[in-house]
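Okay, so here's the structure we're looking at.
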Amino acid sequence: MTEKKIPLAGVDVVQLLGFNDANLQMIEERFDANLTVRGDQLMIRGSQFEIGKIEKVVGELIYMLNKNGSLNPNDIDTVIDLVSVNGSAPDVSSETQVEDSDSVILYTKMGIVKARTQGQKHYIQQIRKNDIVFAIGPAGTGKTYLAVAMAVAALKNRDVTRIILARPAVEAGESLGFLPGDFREKIDPYLRPLYDALDDMLSAEKLRGYLEKRIVEIVPLAYMRGRTLHNAFVILDEAQNATAMQMKMFLTRLGPNSRAIITGDVTQIDLPAKTTSGLVQIQEVLKKVQGVTFCSFDKNDVVRHKLVKDIIEAYDRYHANGTGDGKGIGGN
């Protein structure tokens with residue numbers, strides 16, 4: 001048994017340890033060592049091998065805490081995973097895409113963005129291999145969030161010079177006419193989820209600068225017509241609400257050194273009746289085209305609130321059993 005002292009002077013110890021030392025307990029549960037805090041020092045008792053790994057975990061967590069001002073259980077778990085698997089955590093000061101870990105995409109002010117399910121890992125692998133990737137599956141599976149993270153990582157790595165995020169402006173039960181403001185203000189609610197994802201990954205100042213310089217553009221799908229996009233990472237979100245013609249228009253915008261991710265859920269189409277969804281049609285049109293791949297997600301890839309998976313399963317049962325047999329949403 002060996003003992004090691006890690007100084008914590010200048011560190012927000014309450015944030016580092018967590019409420020009732022919850023973060024400390026998470027580390028102890030994953031490594032064969034005892035951890036105690038005495039004054040401004042963290043005492044580690046265990047084998048030299050285990051102490052070395054814990055030192056790396058604590059060092060990364062202190063860096064993230066100083067940078068972001070807080071830690072959450074997801075941060076602790078992710079850093080522990082990286083150290084356990086790779087022997088060390090990537091250099092978070094680089095803020096770039098991590099090439100030596102298939103699941104990690106980039107570090108952000110909200111923590112580490114990484115694939116958390118097998119479906120998501122496959123998705124990330126296909127994005128890295130193909131210029132056009134379709135991601136199809138239910139809400140909460142990380143389709144859009146991971147796509148935006150990959151785009152931000154590509155921009156930071158200078159693989160592309162700009163990011164274009166687009167969404168169809170299709171009314172899902174609400175009417176644009178009743179929303180306040182001019183057309184731009186009316187359309188912003190449709191684009192808000194894309195802003196939210198970027199807010200998690202970029203500082204407010206950097207995002208504002210990117211938007212002002214048009215390095216990052218968030219636009220309705222209709223605004224893509226007539227453009228040719230060079231050196232760009234292009235994302236079409238909610239693609240199930242793009243018509244067949246709009247899908248063709250979007251895909252033919254790509255110029256040299258550009259790539260595209262198209263995400264959507266074919267069970268949530270808001271197009272008028274008898275209008276063909278471009279996302280449904282394109283699966284047949286491009287199924288044999290090299291460089292284009294389709295990734296499917298299901299309830300096992302849901303990473304939102306744990307009830308989201310239950311809700312998806314309930315709807316699946318409801319539609320599978322019908323509405324009149326007593327075994328719908330409330331059935332077993």
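The values are calculated or read from the model by the stated rules, or taken from the named source; none is laboratory data. In this text the structure is predicted, and so the values were computed from the model without any measurement. All Cβ positions, even for glycine, are placed from backbone atoms using ideal geometry, and neighbour counts span all protein chains on display. Surface accessibility is based on the protein's heavy atoms, side chains included, excluding ligands, DNA and RNA. Shrake-Rupley method; radii C 1.70, N 1.55, O 1.52, S 1.80 Å.
Brief remarks follow.
- A Cβ distance below 7 Å, combined with a sequence gap of six or more or placement on separate chains, defines the contacts here; from the range 191-207, residues that are open to solvent by 10 Å² or more (accessible area, probe 1.4 Å) reach residues that are basic (K, R) in the pairs S203/K109.
- Criterion violated by L82 - all others in (1) open to solvent by less than 30 Å² (accessible area, probe 1.4 Å); (2) more than 17 Å from I27 (Cβ to Cβ); (3) at pLDDT below 85 satisfied: (2)
- Some residue of the range 271-284 being more than 16 Å from K248 (Cα to Cα) and surrounded by 13 or more Cβ atoms within 10 Å (Cβ to Cβ): yes
- Number of the condition not met by I62 [criteria: (1) modelled with pLDDT under 85; (2) buried (at least 16 other Cβ atoms within 10 Å of the Cβ); (3) within 18 Å of I112 (Cα to Cα)]: (1)
- Enumeration of residues in the range 137-155 that are open to solvent by less than 10 Å² (accessible area, probe 1.4 Å) and free of Cβ contacts under 8 Å to residues at least 60 places away in the same chain: L146, A149, V152, A153
- Whichever residue in the range 156-188 is under 18 Å from G264 (Cα atoms) and modelled with pLDDT of 85 or more and, among such residues, is surrounded by the most Cβ atoms within 10 Å (Cβ to Cβ): A166
- Residue list for the range 271-321, filter: touching a residue at least 40 places away in the same chain (Cβ under 8 Å), basic (K, R) and not in a helix (DSSP H, G or I): R304
- Checking each residue in the range 212-263 for being open to solvent by 40 Å² or more (accessible area, probe 1.4 Å), under 22 Å from the mean Cα position of the chain (by Cα) and within 19 Å of F294 (Cα to Cα) picks out E238, R259.
- Only one of the numbered conditions (1) within 27 Å of V113 (Cβ to Cβ); (2) in contact with a helix residue (DSSP H, G or I) (Cβ under 6 Å, 6 or more places away or on another chain); (3) in a helix (DSSP H, G or I) is violated by I262, and that is (3).
- Matching residues in the range 120-136 - criterion: being open to solvent by less than 20 Å² (accessible area, probe 1.4 Å) and part of a helix (DSSP H, G or I): Q120, Y123, I124, I127
- For the range 241-256, the tally of residues that are touching a residue at least 60 places away in the same chain (Cβ under 8 Å) and not in a strand (DSSP E or B) stands at 5.
- Count of the range 1-39 residues which are aliphatic (A, V, I, L, M), open to solvent by 30 Å² or more (accessible area, probe 1.4 Å), outside any strand (DSSP E or B) and more than 20 Å from L82 (Cα to Cα): 4
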